[in-house]
Amino acid sequence: MLDLIIVSIITLLACRYIRNSKRLPIPPGPGGLPLLGNALQIPKECSWLTFTEWAKTFGPIMYLSIIGSPVIVLSSREAVIDLLEKKSLIYSDRPVAPMAGELAGMQKYTSMLSYGHRHRKGRKMMLGMLTGIGKAQGVHTAQEAMAATFISRLRCSPSEYRAHIHWLVAASALELTYGIRSDSSDDPYQLAIVKAMEALSETMAPGAYLVDAIPSLKYVPEWLPGASFKKRAREVADNLSSIENRLFRVTREQVDRGEARQSFVANFLTENGDATPEDDELCREVAIQIYAGILMLLQTASVLLSFFLIMAQYPHVQRNAQIEVDAVVGDRSPQYSDRKFMPYLEALLKEVYRWNPVSPLAMPHQVRHEDVYAGYRIPAGSTILANTWALTHDPELYPDPDEVIPERYLDGTDKSLNPDPRDFVFGYGRRVCPGKTLADDTVFIVAASVLAAFTISDATSLKGEKIKYRGGIISHPDDFTCTITPRRPVG
Ligand code: HEM
C-alpha cells in the first residue's frame, strides 16, 4: 500500500513537472526564416566564431533551428559541465545523420551509436586495447622509434615538413593499430583508407545532401532519377567495409601464423582466443575507428601543425622549451619517462591544444529526454553542440586568450583560472575521446624530439596573408612554409 502511495505521489509530481516545463521558454537565439530556421545564417567555415559572437547577445545556452531540428549551443564551462558531464545519462546520444549514418553505414560505429549497451561495449573494448598494464610501454617504444625516424626525415628535407607529419601520423596509425609497417605515404593501405575517409567526410559535410534535411528521402529507390545519393552512399559504405575487413584479415592471418607484430588488434586477438564472431566483428569496427581516429585527428586536425606554427611565431616560448628539454635530455633523444621533468613543455602543449582546438565544436551530442536548465526548456532530441572554442577563449577563464602564454599554467595561485584545456578539447561526459592519452603521448614525444633537434622560424602563409585557422568541423591552419634549422650537427 505504502509503495502505491509513493508511486502515485512521484507520478503526480512528475506530471506537474512536465506540465510546468512545457510552459517554460526555450533558450533565446537569433531569429530565422520560416521552415529553414537559422540554416542559412550559419557559415560553412569556422561556425564556432559566429556562435561565440551570438552568445554575447543570447547567452551561453542558445537555441537554433535548422530546418525544423532544434540545436542548442552551449558556450560556457558551467553549462557544458552541468549538462554534458553531470547529466551525461541523458545527454550522450548522437544525432542521426541520414546520409553518413544510415545510408553510408557509419551508424554501426561506436562513435556514432546512441548511448547504450553496444556503445558501452565498443568503448570498453577500445579502451582495453588502448590502455592497460604492460601496453603503454610497448606503444611508447613504437612511438619513440617513429619519432626518431620523423626527425631524420625532417633533417633530410625540412621544407617537406608537412609530408613528414603526414607520414608520421599515417604510419603510426597503421603500425599501432594493425602492426603493419609502412615506409611511404603511397602504401596501398594508406591510399585506400585516405580515399575511404575522404569519401566519408564528403557524405558528412553539412548541407551537402538533401536527404539530411528531408530524411524521408532515404526511402526512395536507388533507380529513381535524382536518387544518385543512394548509390553514392552504398559505394562509400562498401569501400569502408572492404578496407576494414582487409586490414583486420591481414593481422588475423599473422596472428594465426604466429608472426604478428605487437599492435592493438594483434594483442586483442592473442588475448581473446575464445572471442565470439560478434566480438570479432566489434573488434574489426573498433580497430578501424582507432586507425581513423589517429589519422583524422592528428593529421588533418593538425595539432602538430599548430605546434610548428606556435614555435615559429613565439620564439621566446620555443627558446624556454628548448632550454628545459636540453637540461633534461642532454645529447640523447627525449623519451616518455622525461615528461614529468618538463613542466614548461607540458604547459606549452596545453596552449597548443587551447589556442586553436582541433574540434572546436566537439562532436554533436543529442539529449534523449526533454530537460529543464537555467529556467529554459531543452526539447527532447535536440542536438547539443558544446562550443569548445568559446570555452578556451573565455577571458574569465584564460586571461588574454588569443595569446600563447605557457606561464599561465605554471602560476597556480588562482585555482579558478586556466583550467587544463585537455578537459575540454577531447570532448565531454560519456563520449569523451577514448584516444586522449594516445594522442597526448604522441604529441608530447614529437614535440620534445623536434625541440631537441631543430629551431623553427619564419612561418609564412602560402597565400601571403596572416595565417588563419579554417575548417567546417575540424580546425586547421592555412598552408604555411617555415624554416627548420638543425640545432647541432648529426652525431
Ligand atoms: C589530438 C587528437 C585528438 C583530439 C583533439 C580528439 C578529440 C575528440 C573529440 C572532441 C571527440 C568528441 C567527444 C564528444 O562527443 O564529446 C572525440 C571522440 C572520439 N575520438 Fe578523439 N581526439 C583525438 C584523437 C583520437 C585518437 C588518436 C583516437 C583513436 C584512438 C580517437 C578516437 C575517438 C573516438 C572513437 C571518438 C568517439 C567516442 C564516442 O563517441 O564515444 N581520437 N575525440
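No lab work stands behind these numbers, since they all come straight from the coordinates. If you're wondering where the values come from, they're calculated on a predicted model, not measured in any experiment. Don't worry about glycine lacking a Cβ; one is built from the backbone with ideal geometry, like all the others, and counts go over all protein chains shown.
Based on the alpha-carbon set only, what is the convex hull volume of region 140-250 divided per residue, in Å³?
Looking at region 140-250, the number lands at 141 Å³ per residue.
Multiplying the residue separation of SER457 and ARG257 by 0.36 nm and subtracting their alpha-carbon distance yields 67.1 nm. The dipole here belongs to region 335-450: it is taken about the Cα centre, uses +1 on the Cβ of Lys and Arg and -1 on the Cβ of Asp and Glu, and is about 600 debye. Subtracting the Cα-Cα distance of ARG181 and ASP478 from 0.36 nm times their residue separation leaves 103.9 nm of extension gain.
Of the chymotrypsin sites (Phe, Trp or Tyr not before Pro) found in region 37-92, not one falls in a DSSP loop while having at most 15 other beta-carbon atoms within 10 Å. Size of region 15-112: Rg and Dmax of its alpha carbons, in Å, are 15.6, 43. Counting lysine pairs in region 102-236 whose alpha carbons fall under 23 angstrom apart, excluding pairs fewer than 8 residues apart on the same chain, gives 12. Here the label points at HIS369 and VAL96, each 7 Å from Cα along the C-beta direction, are separated by 2.1 nm in the simple model. Neighbour counts of other Cβ atoms within 10 Å put GLU271, GLU351 in the fewest-to-most order GLU271, GLU351.
Gain on full extension, evaluated as 0.36 nm per residue between ALA227 and ARG332 minus their Cα-Cα distance, stands at 31.8 nm.
Pop the C-beta distance of GLU78 and HIS316 into the FRET formula with R0 = 41 Å and round what comes out to the nearest 0.05. FRET efficiency, GLU78 to HIS316: 0.75. Rounded to the nearest 0.05, what FRET efficiency is calculated for ARG246 and SER416 with R0 set to 41 Å and r the Cβ-Cβ distance? Between ARG246 and SER416 the formula returns 0.20. If you line up the long axis of helix 303-313 against the longest principal axis of the chain, both from Cα atoms, how many degrees apart are they, to the nearest 10? Rounded to the nearest ten degrees, it is 60. The angle between the Cα long axis of helix 343-355 and the longest principal axis of the Cα atoms of the chain comes to about 50 degrees, rounded to the nearest 10.
For region 2-486, the spread of Cα coordinates along the three principal axes comes to 73, 58, 56 Å, biggest extent given first.
What the Cβ-Cβ distance of GLU45 and ARG155 gives, at R0 = 30 Å and to the nearest 0.05, is a FRET efficiency of 0.25. Along the charge dipole of the chain, which of PRO215, ILE61, ALA97 sits closest to the positive end, that is, farthest toward it, with unit charges on the beta carbon of Lys, Arg, Asp and Glu (+1, +1, -1, -1)? About the Cα centre, the residue reaching furthest to the positive side is PRO215. Axis angle, to the nearest 10 degrees, between helix 228-257 and the longest C-alpha principal axis of the chain: 50 degrees. Sorting LYS350, LYS436, LYS87 by the number of Cβ atoms found within 10 Å of their own Cβ, with the fewest placed first, yields LYS436, LYS87, LYS350. Every helix of 4 or more DSSP H residues in the chain counts as -39500 (n - 2.57), and over all residues that averages to -15500 deg cm²/dmol at 222 nm.
Rounded to the nearest 20, the size of the Cβ-charge dipole of the chain about its Cα centre is 980 debye, with Lys and Arg at +1 and Asp and Glu at -1.
For a straight C-alpha distance cut-off of 20 angstrom, the aspartates and glutamates reachable from LYS468 (same-chain residues fewer than eight places away being disregarded) are GLU45, GLU53, GLU351, ASP394, ASP400, ASP402, GLU403, ASP458, ASP478, ASP479. Between GLN107 and LYS56, the simple label model (points 7 Å from Cα in the Cβ direction) yields a spacing of 4.1 nm.
Peptide packing: for 187-195, 417-425, the average count of neighbouring Cβ atoms within 10 Å per residue gives the ranking 417-425, 187-195, highest mean first.
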